[in-house]
Amino acid sequence: MRRITFWFSSKPLSDDFYNACLDLTPLVEPSDIQGVYLDLTGCRINREQITRLGSCAKGYIRIGMAASRLAARIAAVTPDLPSSTRPKDYRLHSWAEGKLIEILPQREAPFLASLPLEGLYPLRPVQIKKLRRAGFSCIGDIAALPSYELVRMLGEEGLHISNLARGIDHTPVIGLYPPSRMLYQHNFESALDNELSVQQILHQAAAQLAAQLRRKNSVCQRISLELQRDSYKDQAQRSLQAGSQEEQFLRHVLEGLSKSIMAQYETECRITGLTIILDQLAPLSWSQPDLFSYHPISSAEEKPRLDHALMRLENRFPGFLTRGVAIARREQVLALWDPWRTESP
């Protein structure tokens, strides 16, 4: 079972706090200057470690812990829980510098039920207004509705909102700290035994990572993929000359890396988890070509420039680029000959 925490501080969090978080887990995802997600699944952590980490923050810390990002964040940012919230759905731990609200397993939906609609932060103000006009006042009211009713009221987002109201949120925590790296980790509840299932997970990961790269206005220059088989781990990586942030390109690269790893297996394998690392991130910059100045290129520079252009094309369209036979010098000269120049009028 996943163990997600959201840390919310009354003051902006510092790099010292983020570095201390890395001592507990590599999955550290800053949300804003005052909040951060930590995936503590499989990590052994006690109250002393939590209080020690909280001491690295300058303000008062509120921590929410649950099996989903949504429930963890709501538990942390809600200042005062309503009296209708049942104590058997959560545990409260308090100390001088902060407090921790731990939602018990399988109790996310009852915990959220009594909270007002404004507590479900993915809801936009327009949607909250529409739901209140329909007579709904708390999250439990819309959780009790059939999903098709919310789709009818809110459109395509209704199905997603219906799942969130029930505490269902499978969005993973992406390691966005340090800023020069992205880490995506997925542990499967049941092992995957075919390549198609692995590729579907990779497609979802590529979409989320590409969205994060666009949000950071950056490109990655190296992609690593690690597949876990019980206690064994197999890794492959690829360096990108120019870098990329395109979802389709990330999908192609990840599919190629997974195929190269799984080709080494002699028999059917059961994949229990995967880890994707995008590192060597660089800011995306644009340059305008100079079309009016002539820069002569020597023959010694021509081949490296051609190889560099071909490498960029290969990185952008992997597996689609082929090279033909080199043109002889005689054909190059004849290709410059223009018979229309010597024809008399």
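Every number here is computed from the coordinates shown, using simple stated rules; none is lab data. As the structure is a computational prediction, the values presented were derived from the model and not from experiment. Cβ: placed from backbone, ideal geometry, glycine included. Neighbour counts: every protein chain shown.
Note down the Stokes-Einstein diffusion coefficient of the stretch 47-100 in µm²/s, whole number, using a Kirkwood radius over alpha carbon pairs, 10 °C, and 1.306 mPa s.
132 µm²/s
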Over all distinct alpha-carbon pairs, what is the Kirkwood Rh of the stretch 36-176 in angstrom?
16.1 Å
Modelling each spin label as a point 7 Å along the Cα-to-Cβ direction, I'd like the Ala191/Glu266 distance in nm, to one decimal.
1.7 nm
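First obtain the Kirkwood hydrodynamic radius of the stretch 4-119 from its Cα pairs, then insert it into the Stokes-Einstein equation at 4 °C and 1.567 mPa s, and state the resulting D in µm² per second as a whole number.
91 µm²/s
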Can you pull the three principal axis extents for the Cα set of the stretch 207-279, in Å, largest first?
41, 20, 18
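Given Lys233/Lys259; Lys11/Lys99; Lys99/Lys129; Lys58/Lys99, which pairs have Cα atoms separated by over 26 Å?
Pairs exceeding the cut-off: Lys99/Lys129.
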When you count, for each residue, the other Cβ atoms within 10 Å and take the mean per peptide, how do 107-118, 9-20 rank with the highest first?
107-118, 9-20
Percentage of interatomic Cα-Cα distances in the chain larger than 24 Å
67 percent
Report Rg (one decimal) and Dmax (nearest whole number) for the stretch 165-315, counting Cα atoms only, units Å.
18.8, 67
Quick check on the exposure proxy: order Leu131, Leu22 from fewest to most C-beta atoms within 10 angstrom.
Leu22, Leu131
Note on the chain: helices (DSSP H) long enough, at least 27 Å by alpha carbon along their axis, and hydrophobic enough, mean Kyte-Doolittle at least -0.5, are 195-216
Towards the positive end of the charge dipole of the chain, with charges on Cβ (+1 Lys, Arg; -1 Asp, Glu), say which of Phe17, Ala96, Gln264 has the farthest Cα.
Ala96
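DSSP beta bridges in the chain, what fraction antiparallel, as a percent rounded to 5?
Values: 49 of 54 bridges.
Of the beta bridges lying entirely in the chain, close to 90 percent run antiparallel.
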Charges only on Cβ, +1 for Lys and Arg, -1 for Asp and Glu: so what's the dipole of the stretch 84-165 about the Cα centre, in debye to the nearest 20?
240 debye
Mean-square fluctuation check for the chain, GNM, Cα pairs under 10 Å: which of Met65, Met262, Met153 is largest?
Met153
Sticking with the crude label model, points 7 Å out along Cα→Cβ, report the distance from Asp279 to Glu314 in nm, one decimal please.
2.3 nm
